[in-house]
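Written below as structure tokens is the structure these notes are about.
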Amino acid sequence: MNLLYNLGIKLYACGVKIAAAAGNGKARLMTEGHKRVLGDLATLPADARPIWVHAASLGEFEQGRPLIERIRRELPGRPVLLTFFSPSGYEVRKGYDKADVVTYLPLDTPARVRRFLDAARPSMAIMVKYEFWGNYLQELRRRAIPTYLISAIFRPEQAFFKPWGGTFRSMLRCYTHIFVQDDNSRKLLHGVGCDNVTVAGDTRFDRVTDIMRAARDFPDLREFAASQPTLLMGSSWPADEDVVIPYFNAHADVMRLIIAPHEFDEERLRALIDRIDGKAVRYSRVAQGLDDIADARCVIIDSFGILSSCYRYAAIAYVGGGFGAGIHNINEAAVYGIPVLFGPRHDKFKEATDLIACGGAFEVTSAQSLAERLSRLLSDDAARAAAGAAAGAYVNSCLGATDRIFSAIFPR
């Protein structure tokens, strides 16, 4: 990679160390995790040539997970190495039992890259969605290690397609093959001379369908949601709650609310409960028999790992993030055949555009637009059912990406 790229990576590494020393939790976890990488890799058998799968964080892991589990099921003798860039992915999935080793990806400097690859000895590398680390890609190509990018999606404003983007375009040429979500991505890549591309779709649809089939049942939540139409806010941030909670407080006689905040430290949970008119309970206390859900109007999910199962109880879903950096996983809700609402920052998500187009999802831009949409969906059962059916049909139409990718990488 060029000098500017390498300098940028080194400056980032210095920034992480400074932030860790200053007490930043994520930076500290990353710094400590990087110290363990070679020890983690040493647990692989001496003759192992693992299939290396890299996901930046938790969302990308969920996209790669269907392929990992397909590899584990159909190629049980092949070890799997899973790496994360972000602590938010590693800390949640460090115990993932379908990988032989789970560890951090060292920062992308030439020396670190060589040490990592010497220790890992991968037989191939599979990157998920948005992974463009120039030194890793160049060294993988130099060592003739097949390298794939899956569930990728490209947009015209990305650096690859700018006149000054030569450094980034060179990364594309390091991939053995790129599997993209849509034909627009294929056309963009073709325009810069990259034709080792297949439109395979998005593995997240396969993943959310697997999750739906294995969904856990929570009888108390099921009964809570059965008496009145229930709105479930998934992965919500304060800006989302600013839009939804006033509507709920004004209409608590005709609906119920489940909130699964994206983060739920004690201060945040207390603040949420204080904003609800009427009784709001924390689900962890309900599960322990410490609170009665029967007369509650709102339940706050304060446990990891159950949101995707809880969408099954909702009449309507609101997925958070759209008034911030970008929406969270809307497919987790749509797979249950319910209408999905979200804020305006969704332009980077193809599924959001598609769901709006087919009538299965709706953008809300303010408290007023949310009120108008929710009032229509809550008062018109036929409209709500039609929107939900459209959402479910869309997800079903997008299945099969994992099969297409697996068959191409591992031909029989």
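Ser170 - would you say it is more than 24 Å from Ala352 (Cα to Cα), among the hydroxyl-bearing types (Ser, Thr, Tyr) and not assigned by TED's automatic domain parsing to the domain that holds Thr365? Give the steps one after another, and end with the answer.
Working: more than 24 Å from Ala352 (Cα to Cα): yes; among the hydroxyl-bearing types (Ser, Thr, Tyr): yes; not assigned by TED's automatic domain parsing to the domain that holds Thr365: yes.
Yes; evaluated as a whole, the condition is true for this residue.
Does Gly23 fit the bill of being small (Gly, Ala, Ser) and not in a loop (DSSP other than H, G, I, E, B)? Outline the logic, then answer.
On the way: small (Gly, Ala, Ser): yes; not in a loop (DSSP other than H, G, I, E, B): no.
So Gly23 fails the test.
From the list Val113, Val102, Val92, pick out the single residue that is in contact with a strand residue (DSSP E or B) (Cβ under 7 Å, 6 or more places away or on another chain) and not hydroxyl-bearing (Ser, Thr, Tyr).
Going through Val113, Val102, Val92 in turn, the sole match is Val102.
Can you spot a residue in region 98-110 that is in contact (Cβ under 8 Å) with a residue 12 or more places away in the chain, in contact with a His (Cβ under 8 Å, 6 or more places away or on another chain) and more than 30 Å from Ala214 (Cβ to Cβ)? Steps first, answer last, please.
Step one: of region 98-110, the residues in contact (Cβ under 8 Å) with a residue 12 or more places away in the chain are 98-110.
Those still in the list that are in contact with a His (Cβ under 8 Å, 6 or more places away or on another chain) too: 104-107.
Right, trim to more than 30 Å from Ala214 (Cβ to Cβ) and you get 106-107.
The answer is yes; a qualifying residue exists.
Only one of Asp220, Asp210 is under 18 Å from the mean Cα position of the chain (by Cα) and either assigned to a helix (DSSP H, G or I) or among the basic types (Lys, Arg) (or both); which?
Details: Asp220 fails: under 18 Å from the mean Cα position of the chain (by Cα).
Checking each option against the conditions leaves just Asp210.
I need a count of the residues in region 287-305 that are within 30 Å of the chain's Cα centre (by Cα) and either modelled with pLDDT under 90 or surrounded by 12 or more Cβ atoms within 10 Å (Cβ to Cβ) (or both). Show your work before the answer.
Let us first name the residues in region 287-305 that are within 30 Å of the chain's Cα centre (by Cα), namely 287-288, 297-305.
Okay, now just the ones that are also either modelled with pLDDT under 90 or surrounded by 12 or more Cβ atoms within 10 Å (Cβ to Cβ) (or both), so 287, 297-305.
The total comes to 10.
Name the residue, out of Arg155, Arg169, Arg115, Arg141, that is assigned to a loop (DSSP other than H, G, I, E, B) and touching a residue at least 24 places away in the same chain (Cβ under 8 Å).
One residue alone meets the criteria, Arg155.
For region 344-359, indicate whether the set of residues that are of a type in the set (Val, Ile, Thr) and surrounded by 20 or more Cβ atoms within 10 Å (Cβ to Cβ) is non-empty.
Within region 344-359, not a single residue is of a type in the set (Val, Ile, Thr) and surrounded by 20 or more Cβ atoms within 10 Å (Cβ to Cβ).
In the set Leu269, Leu232, which member is surrounded by 13 or more Cβ atoms within 10 Å (Cβ to Cβ) and modelled with pLDDT of 95 or more?
Exactly one of Leu269, Leu232 is surrounded by 13 or more Cβ atoms within 10 Å (Cβ to Cβ) and modelled with pLDDT of 95 or more, namely Leu232.
Only one of (1) under 17 Å from Gly64 (Cβ atoms); (2) polar (S, T, N, Q); (3) at pLDDT below 95 fails for Ser123. Which number is that?
Exception for Ser123: condition (3).
Could you check, for region 339-350, whether at least one of its residues is acidic (Asp, Glu) and either in contact (Cβ under 8 Å) with a residue 60 or more places away in the chain or closer than 18 Å to Glu241 by Cα (or both)?
no
Within the group Asp240, Asp183, which residue is of a type in the set (D, E, K, R), at pLDDT 95 or above and under 19 Å from the mean Cα position of the chain (by Cα)?
Asp240
Hey, which of the helices (runs of 4 or more DSSP H) in region 253-338, taking only ones fully inside, have at least 1 residues that are over 19 Å from Leu378 (Cβ atoms) and without any contact (Cβ under 8 Å) to a residue 12 or more places away in the chain?
266-275, 283-287
Within region 169-184, does at least one residue satisfy the condition of being among the acidic types (Asp, Glu) and over 30 Å from Leu4 (Cβ atoms)? Steps first, answer last, please.
From region 169-184, those among the acidic types (Asp, Glu) are 182-183; that's our starting set.
Now narrow it down to the ones that are over 30 Å from Leu4 (Cβ atoms): 182-183.
The answer is yes, given that some residue of region 169-184 is among the acidic types (Asp, Glu) and over 30 Å from Leu4 (Cβ atoms).
Residues being buried (at least 17 other Cβ atoms within 10 Å of the Cβ) and over 26 Å from Ile51 (Cα atoms): count how many of those fall in region 136-184.
Qualifying residue count for the region: 1.
Please go through region 360-412 and pick out each residue that is among the charged types (D, E, K, R), farther than 25 Å from Gln228 by Cα and touching a strand residue (DSSP E or B) at 6+ places or on another chain (Cβ under 8 Å).
Arg404
With the condition kept exactly as written, say whether any residue in region 72-90 is in contact (Cβ under 8 Å) with a residue 60 or more places away in the chain, exposed (fewer than 15 other Cβ atoms within 10 Å of the Cβ) and in a loop (DSSP other than H, G, I, E, B).
Yes, some residue in region 72-90 is in contact (Cβ under 8 Å) with a residue 60 or more places away in the chain, exposed (fewer than 15 other Cβ atoms within 10 Å of the Cβ) and in a loop (DSSP other than H, G, I, E, B).
Please verify whether Ala225 is more than 22 Å from Gln138 (Cα to Cα), in a helix (DSSP H, G or I) and of a type in the set (Gly, Ala, Ser), treating the condition exactly as stated.
It is true that Ala225 is more than 22 Å from Gln138 (Cα to Cα), in a helix (DSSP H, G or I) and of a type in the set (Gly, Ala, Ser).
The values are calculated or read from the model by the stated rules, or taken from the named source; none is laboratory data. These figures come from a predicted structure and were not determined experimentally. Positions of Cβ are generated from backbone atoms using ideal geometry, with glycine treated the same way; all protein chains shown enter the neighbour counts.
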